[in-house]
1. How would you classify the range 113-250 from its alpha-carbon gyration tensor, with a ≥ b ≥ c the square roots of the eigenvalues: rounded for a/c under 1.5, else prolate if a/b is greater than b/c, otherwise oblate?
2. Note down the magnitude of the dipole of the range 478-593 about its Cα centre, charges +1 on Lys and Arg C-beta and -1 on Asp and Glu C-beta and zero elsewhere, to the nearest 20 debye.
3. In nm, to one decimal, how far is the modelled label at residue 151 from the one at residue 111, with both set 7 Å along Cα→Cβ?
4. Taking the Cα centre of the chain as origin, sum charge times position over the Cβ atoms of Lys and Arg (+1) and Asp and Glu (-1), and report the length of that vector in debye to the nearest 20.
5. Which Rg and Dmax, in Å, describe the Cα atoms of the range 464-592?
6. Using modelled amide H (1.01 Å from N, peptide plane; none on Pro or chain starts), what sits under 5 Å from the amide H of residue 52, excluding residues fewer than 5 places away?
7. For every helix of n ≥ 4 consecutive DSSP H residues, a contribution of -39,500 (n - 2.57) applies; sum these over the chain, divide by its total residues, and give [θ] at 222 nm rounded to the nearest 500 deg cm²/dmol.
8. Just to check, using Stokes-Einstein with a Kirkwood Rh over alpha carbon pairs, what's the diffusion coefficient of the range 77-137 at 4 °C and 1.567 mPa s in µm²/s?
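The values are calculated or read from the model by the stated rules, or taken from the named source; none is laboratory data. Please read all numbers here as calculations on a predicted model, not as lab measurements. Please note: Cβ atoms are built from the backbone with ideal geometry, for glycine as well, and neighbour counts cover all protein chains shown. Keep in mind that these areas ignore ligands, DNA and RNA; they rest on the heavy atoms of the full protein, side chains included. Shrake-Rupley method; radii C 1.70, N 1.55, O 1.52, S 1.80 Å.
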Amino acid sequence: MTHPTRSLAARLCSRLAAACLALACTAGLAADAEPAAFNTRFAAIAFHDIVDSRGELDDDAVTTERLVAFFDWLRGNGWTAISLDDVERARRAEKPLPERAVLISFDDGYRSLYTRAYPLLQAYRMPAVAALVGDWLAAPSGATVRYGQVEVPRERFISWEQAREMQRSGLVEFALHTQSMHQEVLGNPQGNRLPAATTRRYDSGAGYESEAAFSARVRDDLARGQALLRRELGRAPRALAWPYGRYNAIGVREARSLGFSHLLTLDVAPADARRPLAIARYLPTFNPSLGELVLNLQPDPNELHPDRLTCLDPAVLWTGDAARDDERLGRLIERLRVLGLTAVVVDAVQRDAEGHVRAAWFPNRELPVAGDVLSRIAWQLQSRAGVEVHVRLPHRAALAALGRDAERVRRLYEDLGAMVPLSGWVLEGTAPPASLAFDDPAPLFGDATRVQRGWAHWVTRERRRAHLARLQAEGQPDALAWQLVAVLDAARPDMKLLWQSLPQLSGAAGPAPHPLAEASLVPTPLDWRGTGPADPRLTRWFTADVAPDAEALARAAQAFVRQGGVSLGWCPDEPFADRPQAADVAPAVSASTFPARR
């Protein structure tokens, strides 16, 4: 097999030199940036398979040429590849990380780790972390292993001999990628298969896995993988990479109890040595360009993503007939694709005409179950329509329905987080905390001018956690809403918080964005006409008694965008009456064209 050479690297670097210089500036990496007094921040990247030709690419693979160009860019722009030892020394405040530090990792243990990546690591003298799946490497030569939904040859992955050789070099440290949880398990009665590390397994006879059984399954898997790597490599792994980046508080607890000290995620955030149990990594997909690789080394805390949202009541989907339900769900998904939406707000509970909560759309300990369909809806919309699913479960209405018993409400939200693969939660009608004296988080590489407003996901998560910690430290009784945020965040650490303000009168001044939420939904009449520039951090949530017609919604959307607005949505929506008409309104609202979705 032919390996890349430094002459190829040199040609690539020469050809891309001008682009590299421009990218260094746009990524906020100015040479005169002031370094932090004791830097603990770093970038981290999670590569998978490395292939020689575009014809061999899958969603997570990159070409050898692209990897060479990336390594050349790091070398030429003052970046230092670091090891977990460097991270640990910074965590202990023994030695700061370099100003531009990057942790390079490779997941899954593909054979290309040895044949393509390892020679490059040797040539550039760069350390890396490689995460191995126990079941895949434990299979004998000539066997096949289950990879996703297909059987692949055992030889697609490295051998133990190759792993030991790489470990002896001192350049590659091996992490566990779980023993058997890099797969999906049955997650609901409709047959969806969801990530094993975060899903309560469903059995048609026994029902759902209990929390205790789920916890024991996770612990057993990690212990078996830990023992396998200890036996084959002579040392137990200290790092664990969560499959698909999916994890929760139960998994973190079990990993810590087994001695894992570094947990690798796929969160969109800068990594920090002070948080070794949540090392966020950028996952390159679809063989990204060198420019995209570079820009993703530092998440931009001021970056705004144009969201397009609508709402969904599961009652319009669920009929009790499985075949009809699937047909209607398929029609909904096709409509969402035509509309070009990015997210759907789905009701988690069934309410009567007066707004009283009567039943839930997910299995739980506190309310009757109208239908166990929310998990199915959420997963299908995320995996097939490519949209985020934000769940609406009004905490005040839940409190009233459960006898004003806060503990019962907490149990209800625990079950929501455990049973539904949600993307976010809509917090309705709760005012921002009276006093927030937050300093914006320090920028990743010392450029203080880049972090001024800070509305990106990782910034607001840090603020939210700091706020909750402050309330606890001061011994203040926490508001129920913020307790529920913590409950859901433990179950779904990548969950977004959306704040829905009180309805806004036409022509009234808009509210300020919530400082602890990723998005602020502002209920607004369809005939709203703002004056002056629109706040790009506010999402206009056009509401009425009935779904808007396409022409009226298009006019409202176009007016909002002309004033500088970024994100918008509408509610209600009538998917099976096609109101608003998807084909007619899509040119005005689709995120596929504003800007192009990837």
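1. prolate
2. 360 debye
3. 1.8 nm
4. That gives the chain a dipole magnitude of about 1200 debye.
5. 17.4, 54
6. Close amide H contacts, sequence-distant or interchain: 64.
7. The per-residue figure over the chain is -10500 deg cm²/dmol.
8. Translational diffusion coefficient: 100 µm²/s.
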